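Asker: Input: one structure, supplied below.
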Amino acid sequence: MRIRPLLSFTRRYLAPLGLGAVSLMLSGCFYANTSQAPIATTYPYSEQQRMQAAHHWNVLAHHEANHILQRERVRFRDLYITPADDQSLHGYSGGEFGRGFRTLLTSELVTRGASVMTEPTADTAEVHVGVEIVTHRDRGFIRPPVGAFTALTAGIAVATIPYNQWSEPALGLIPGGILADITSGSWTHTGNEEVIITTQIVDGERILYSSSNIYYINAGDRRQYAPHRVPQAPTTPVISITDTW
């Protein structure tokens, strides 16, 4: 009496599983682990800071000064910080980072007892600051910060409670406001503009110190870092009119 149900169970569940197992075993014969091109994978989760204030420049100068004076090869050397390449630019044409960061780095080094010269000599080691702007024009999907989807889902769930239970649904906004006050300081976006800032100390043909740091920047701040790479408005053609033939 029980044979028929057993056969029905076998046909419904075990047969597909058996077919799948056979398919997996046969896949090795057809090189299932091959591909015409490498398959794209992602990197482990990491974070990168956004630079959008002069205070952030000072934080970097503080960091670099500490690391420079920890190096035995440069700690007791006379240092000369080379000027920015855009000295002819003024505040309205950009290049604020190149000038400001050098001033901040000078202050941080002098405060810590470093010997910083106003003019280069035969014995000075030169401090160079390089800036490279990276613009991503075709980025793919970038996941939101960890917990973003959970917080969004929880917020929607919490928001439905007042409408279903409370006589004053507007009170449901209070928990969201509290959460925003707590977490809004960490809100930012990834963006498509990055900057690579490299500080090097060079003695003749030898590099004594080199440190590179990468930050996100706002697209509108590009001229502060690379004024020569900011698109310029097309010039208006000038046509002279004269009555001379």
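Rule-based calculations on the coordinates, nothing more; no lab input. Everything numeric in this text was worked out from a predicted model, so none of it was measured. With ideal geometry, Cβ positions are generated from the backbone for all residues, glycine too; neighbour counts draw on all protein chains shown.
Asker: So if we plug the beta-carbon distance of Asn192 and Glu126 into 1/(1 + (r/R0)^6) with R0 = 30 Å, what FRET efficiency do we get, rounded to 0.05?
Answerer: 0.35
Asker: Label Ile133 and Arg71 with points 7 Å out from Cα along Cα→Cβ: what is the distance between them in nm?
Answerer: Result for the modelled spin labels: 2.8 nm.
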